[in-house]
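What follows is a short report on a single structure.
The values are calculated or read from the model by the stated rules, or taken from the named source; none is laboratory data. Computed from a predicted model, the values in this text were never measured in an experiment. With ideal geometry, Cβ positions are generated from the backbone for all residues, glycine too; neighbour counts draw on all protein chains shown.
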Amino acid sequence: MNEVVHASGHENVSAEHGSTLEVTSDDFLTPAGDCILGIEADRVPGAFDGEFVAACQDGAATITATFEAGGHSVVVEGSGHPDLTFEDDRSHVLRTSDYVDDRTVMVEADAAAGDLDRALVDALAAGADLTMTLSVDA
């Protein structure tokens, strides 16, 4: 089961954060947003299919996020959690911790923004389009 989100890179993409990464529907990015990979996302967690959300709420589920931009691809794997709500109307946040709020779409991720391939980050900073595909195996 998949959910696909399209977003845009931005000159302020730095991807330096050590514990999260984010894709947002906001149309701006300041240098302080060091976890953000893409802006102007065309879908938000609140728009995801109910079956997908239910599958992600299984604590034993594996969630995979594939990020593609500028000919580069990075895969991040993490876990589902019973408290995931997918109710946020702005942002998708992947966390290396087990902290959950309404923006969280994955916990215990095996990478954060600062761990990503710099070629992908450079492409996003140059304004490349981003595709984030979230897959769940419950």
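Figures for the structure shown
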| item | result |
| --- | --- |
| Cβ pairs under 6 Å, 6+ apart, first in segment 79-103 and over 26 Å from Phe28 (Cα atoms), second assigned to a strand (DSSP E or B) and of a type in the set (A, V, I, L, M, F, W, C) | Ser79/Val107; Gly80/Ile63; His81/Val107; Asp98/Val107 |
| Condition check for Asp42: under 23 Å from Arg118 (Cα atoms) and acidic (Asp, Glu) | no |
| Every residue from segment 107-138 that is outside any loop (DSSP other than H, G, I, E, B), farther than 13 Å from Gly71 by Cα and among the charged types (D, E, K, R) | Asp115, Asp137 |
| Residue ID - farthest from the chain's Cα centre (by Cα), chosen from residues in segment 8-37 that are polar (S, T, N, Q) and assigned to a strand (DSSP E or B) | Ser8 |
| Residue selected from segment 49-68 under the condition touching a residue at least 60 places away in the same chain (Cβ under 8 Å) and among the hydrophobic types (A, V, I, L, M, F, W, C), by the criterion nearest to Asp83 (Cα to Cα) | Cys56 |
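Residues are listed down the side, and each one gets a yes or a no for (1) closer than 13 Å to Ile63 by Cα; (2) within 11 Å of the chain's Cα centre (by Cα):
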position	(1), (2)
Leu94	yes, yes
Val105	yes, yes
Glu108	yes, no
Asp117	no, no
Ala123	no, no
Ala126	no, no
Ala138	yes, no
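Conditions (1) modelled with pLDDT of 95 or more; (2) under 17 Å from Thr131 (Cβ atoms); (3) assigned to a loop (DSSP other than H, G, I, E, B), marked per residue:
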{"residue": "Ala41", "(1), (2), (3)": "yes, yes, yes"}
{"residue": "Ala54", "(1), (2), (3)": "yes, no, no"}
{"residue": "Thr64", "(1), (2), (3)": "yes, yes, no"}
{"residue": "Phe67", "(1), (2), (3)": "yes, yes, no"}
{"residue": "Val74", "(1), (2), (3)": "yes, yes, no"}
{"residue": "Asp89", "(1), (2), (3)": "yes, no, yes"}
{"residue": "Asp98", "(1), (2), (3)": "yes, no, yes"}
{"residue": "Val105", "(1), (2), (3)": "yes, yes, no"}
